[in-house]
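Handing you this structure, nothing more for now.
Bear in mind these aren't lab numbers, they're just calculated from the coordinates by the rules spelled out. From a predicted model like this one, the values you see are computed outputs, not experimental measurements. Reconstructed Cβ throughout: ideal geometry from the backbone, glycine too, with neighbour counts over all protein chains shown.
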Amino acid sequence: MSMKIPHRLYLSEDQMPKQWYSLRADMKDKPDPMLNPGTLEPIGEEDLYPVFCEKLAHQEFDDVTRYVDIPEEIQEFYKMYRPSPLIRAFNLEKALGTPAKIYYKFEGNNTSGSHKLNSAIAQAYYAKKQGLKGLTTETGAGQWGTALAEACAFYNIPLTVFMVRVSYDQKPFRKIVMQTFGADIFPSPSDTTNAGRAMLEANPNSSGSLGGAISEAIEKAVTTEGYRYVLGSVLNQVLLHQSIIGLESKIAMEMLDEYPDIIVGCAGGGSNLGGLIAPFMQDKLLGKASPRIIAVEPASCPSLTRGRYAYDFCDTAKITPLAKMYTLGSGFMPSQNHAGGLRYHGMSPILSKLYHDGFMEAVSVEQTKVFEAAAFFAKQETILPAPESAHAIRTAIDEALKCKETGETKTILFGLTGTGYFDMSAYGAYNEGTMTDYIPSDEDLAAGFAALPQV
Ligand SMILES: *Cc1c(COP(=O)(O)O)cnc(C)c1O
């Protein structure tokens with residue numbers, strides 16, 4: 001018997017997962033190994049020790065351990081802002097007139113305004129255990145930098161953040177939040193690294209890219225004694241930490257006697273989507289269920305829907321190992337008018353492999369349609385969504401409207417990854433009708449593909 005359906009379902013602290021789940025353990029065909037760009041030989045865990053925390057390097061390579069204990073300190077930290085609610089979008093359903101049941105998992109209940117804190121606290125914890133002197137990272141829209149600044153403040157670890165120039169200029173308040181937590185912020189490209197100076201020389205007015213900021217952050221980490229680099233998406237370790245989203249969702253849905261027919265998530269580097277779908281994809285891999293899983297990406301940065309499945313660098317200066325993933329080429333820069341995050345050139349190797357092997361779908365959406373969905377959602381559900389999250393809202397609404405046509409009562413679960421309070425210039429452009437769409441032409445994309453490394 002199912003209980004009366006509440007608007008918001010919170011698990012109790014006792015029900016919170018005590019282990020993360022690693023999807024790779026259940027993949028028969030594993031993602032291809034990372035390669036050394038010089039020798040094209042697979043790299044090993046120890047090769048990453050100069051760059052990453054040892055424990056995190058281990059998690060990056062471990063593709064057999066199914067469940068990983070969440071250290072108790074991290075569990076305690078999680079309890080300050082988790083479990084996150086699973087919300088039934090009754091008002092959205094009514095406004096759409098759809099027979100579909102729409103649920104969303106809301107990850108915006110912390111100062112970073114996103115799911116990013118789930119991995120940031122884990123990465124800061126392992127850095128502290130290893131006795132590191134400091135961390136470096138990059139941030140695009142600013143949520144990852146904020147989350148990591150919160151986590152580093154908690155463990156008293158100095159943090160240097162390279163923030164993509166366009167966000168640094170568009171979102172000055174993000175910078176102030178990070179500084180309040182004690183982080184040092186540089187706009188990227190900066191003149192503090194060789195990689196940054198080279199980018200500035202090539203284009204003095206560069207608005208920056210995530211790939212470029214990654215190059216700078218890695219260079220700073222490997223040239224500063226006792227420092228390591230951390231990354232907020234794409235990596236296997238990050239998807240592992242983010243599995244908390246899906247594990248909580250699954251428990252909550254079981255309490256409601258529900259199982260999603262369709263799971264929708266926005267995809268930048270793939271961490272929230274990889275986390276949300278983890279236990280449901282497990283069911284799919286093991287043949288226990290077959291939900292449709294849909295990744296939603298911006299039409300202006302379409303790595304899954306129009307990218308190549310190929311070995312590529314994870315950064316612009318080509319100093320990282322090569323990862324096999326869907327990519328637009330490490331030199332790809334989304335157009336200046338693109339407002340909504342999700343601007344990374346590549347995609348998580350785990351999700352890339354699952355997509356390649358037919359376990360999930362992908363769609364791309366244009367930003368004016370995304371903001372239209374965001375504003376509609378906000379009016380029904382009272383949460384002002386992050387533009388990134390609104391990509392998932394767009395597709396969840398589209399799927400719910402299809403149900404309206406067919407009369408099907410499908411259960412849709414989507415990830416509402418965060419809030420959009422720092423995206424006011426984008427919302428302003430949408431409200432004033434000055435927001436435009438940009439879809440790269442095949443010629444635009446060809447330049448990125450031509451620069452892919454020959455493997
Ligand atoms: C960073 C971010 C994303 C995209 O990153 P993924 O790694 O693809 O999850 C989506 N939504 C919000 C709110 C974010 O901060």
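Work out the FRET efficiency for residue 337 and residue 357 from their Cβ-Cβ distance, taking R0 = 45 Å, and round it to the nearest 0.05. It would help to have the intermediate numbers written out before the result.
On the way: r = 34 Å, r/R0 = 0.76.
E(calc), rounded to 0.05, equals 0.85.
Taking the inverse of the average 1/r across all pairs of different Cα atoms in the chain, what Kirkwood radius in Å do you get? Walk me through the intermediate numbers first.
Details: mean 1/r = 0.0459 Å⁻¹.
Radius from the Kirkwood sum: 21.8 Å.
What order, most packed first, do the peptides 110-116, 335-341 have when packing is the mean number of other Cβ atoms within 10 Å of each residue? Show your work: numbers first, answer last.
On the way: 110-116: 25.9, 335-341: 19.7.
In descending order of packing, they fall as 110-116, 335-341.
Go ahead and run the numbers for FRET between residue 254 and residue 197, Cβ-Cβ distance against an R0 of 41 Å, rounding to 0.05. Each step should come with its number before you reach the end.
Working: r = 54 Å, r/R0 = 1.31.
Working from the Cβ atoms, E equals 0.15.
What FRET efficiency comes out for the pair residue 378/residue 434, r = Cβ-Cβ distance, R0 = 22 Å, nearest 0.05? Walk me through the numbers before you get to the answer.
On the way: r = 19 Å, r/R0 = 0.88.
After rounding to 0.05, the efficiency reads 0.70.
In addition: Which order do the peptides 228-235, 446-453 take when ranked by the mean count of other beta-carbon atoms within 10 Å per residue, highest first?
On the way: 228-235: 26.1, 446-453: 14.8.
Ranking, from highest mean packing down: 228-235, 446-453.
For segment 97-175, take N as its residue count and report Rg(C-alpha) divided by 2.2 N^0.38 Å. If you can, show how the numbers build up before the last one.
Details: Rg = 15.5 Å, N = 79, 2.2 N^0.38 = 11.6 Å.
Cα-based Rg divided by the globular estimate yields 1.34.
Identify the residues of segment 318-336 with backbone N under 15 Å of a label point that sits 7 angstrom from the Cα of residue 455 along the Cα-to-Cβ direction, or state none.
318-331
Principal axis lengths of segment 338-405 from Cα atoms, whole Å, largest first?
37, 31, 18 Å, listed from the longest principal axis down.
Under a cut-off of 18 Å between alpha-carbon atoms, report the aspartates and glutamates in cross-link reach of residue 30, not counting same-chain residues fewer than 8 places apart.
Reachable aspartates and glutamates: 41, 45, 60, 62, 63, 283, 312, 357.
Provide, for q = 0.24, 0.27 Å⁻¹, the log10 of I(q)/I(0) from a solvent-free Debye sum over equal Cα point scatterers in segment 23-69.
-0.96, -1.06
Using the eigenvalues of the Cα gyration tensor, what equivalent ellipsoid semi-axes result for segment 366-442 when each is taken as the square root of five times the eigenvalue, whole Å, largest first?
Those come to 23, 16, 11 Å.
Taking amide H positions as placed in the peptide plane 1.01 Å from N, state which residues far from residue 311 in sequence (5 or more) or on other chains have amide H under 5 Å from it.
Distant-sequence amide H within range of residue 311: 325.
Once the piece of chain linking residue 133 and residue 40 is laid out straight, how much longer is it, given 0.36 nm per residue of separation minus the C-alpha distance between them? Provide the component values of the computation, followed by the final result.
Details: separation 93, 0.36 × 93 = 33.48 nm, distance 3.19 nm.
Net length gain for the segment: 30.3 nm.
For segment 364-369, take each phi angle, set θ = phi - 60°, evaluate the Karplus expression 6.51 cos²θ - 1.76 cosθ + 1.60, and give the result in whole Hz per residue in order, putting x for glycine and proline.
Each residue of segment 364-369 in turn: 10, 9, 8, 5, 5, 5 Hz.
Stokes-Einstein diffusion coefficient for segment 228-286 at 37 °C in a medium of 0.692 mPa s, Rh from the Kirkwood formula over Cα pairs: what value in µm²/s? Could you put the intermediate results ahead of the total?
Values: Rh = 12.0 Å.
Approximately 273 µm²/s, per Stokes-Einstein.
Oh, and also: Please enumerate, by chain and number, the aspartates and glutamates with C-alpha under 12 Å from the C-alpha of residue 404, excluding those fewer than 8 residues away in the same chain.
Candidates past the 8-residue exclusion: 93.
Also: Just to be sure I understand the curve: with the Debye formula and one point per C-alpha of segment 275-321, what is log10 I(q)/I(0) at q = 0.23, 0.24 Å⁻¹?
-0.91, -0.92
Please report Rg over Rh for segment 182-288, where both radii come from the alpha carbon positions and Rh follows the Kirkwood definition. Write down the numbers at each step before the final one.
Details: Rg = 19.4 Å, Rh = 16.6 Å.
Ratio of gyration radius to Kirkwood radius for segment 182-288: 1.17.
Once each part is reduced to its C-alpha centroid, what is the distance from segment 393-433 to segment 109-187 in angstrom?
28 Å
Kirkwood-based Rg over Rh for segment 131-240 (C-alpha set), two decimals? Working shown, then result.
Details: Rg = 13.1 Å, Rh = 13.7 Å.
The Rg/Rh ratio comes out at 0.95.
Mind jotting down the three principal axis lengths of segment 62-126 based on Cα atoms? Whole angstrom, largest first.
Principal axes ranked by extent give 48, 32, 15 Å for the Cα atoms.
Taking the simple approach of a point 7 Å from Cα along Cα-to-Cβ for both residue 15 and residue 67, what is their distance in nm?
Inter-label distance under the simple model: 1.8 nm.
Given N residues in segment 1-95, what is Rg(Cα) / (2.2 N^0.38 Å)?
Against the empirical 2.2 N^0.38 Å value, I get 1.59 for segment 1-95.
Would you calculate the volume per residue, in Å³, of the smallest convex hull containing every Cα atom of segment 1-160?
Numbers: hull volume 30.9 nm³, N = 160.
It is 193 Å³ per residue.
Counting each DSSP H run of 4 or more residues in the chain as -39500 (n - 2.57), what helix-only mean residue ellipticity at 222 nm follows after dividing by all residues, to the nearest 500 deg cm²/dmol? Before the final figure, lay out each step's value.
Numbers: 17 runs with 185 residues, N = 455.
Here the helix-only value at 222 nm equals -12500 deg cm²/dmol.
Got a sec to turn the phi values of segment 246-255 into Karplus ³J(HN,Hα) couplings, 6.51 cos²θ - 1.76 cosθ + 1.60 with θ = phi - 60°, whole Hz, x for Gly and Pro?
3J(HN,Hα) across segment 246-255, in whole Hz: x, 4, 4, 4, 5, 4, 5, 5, 4, 4.
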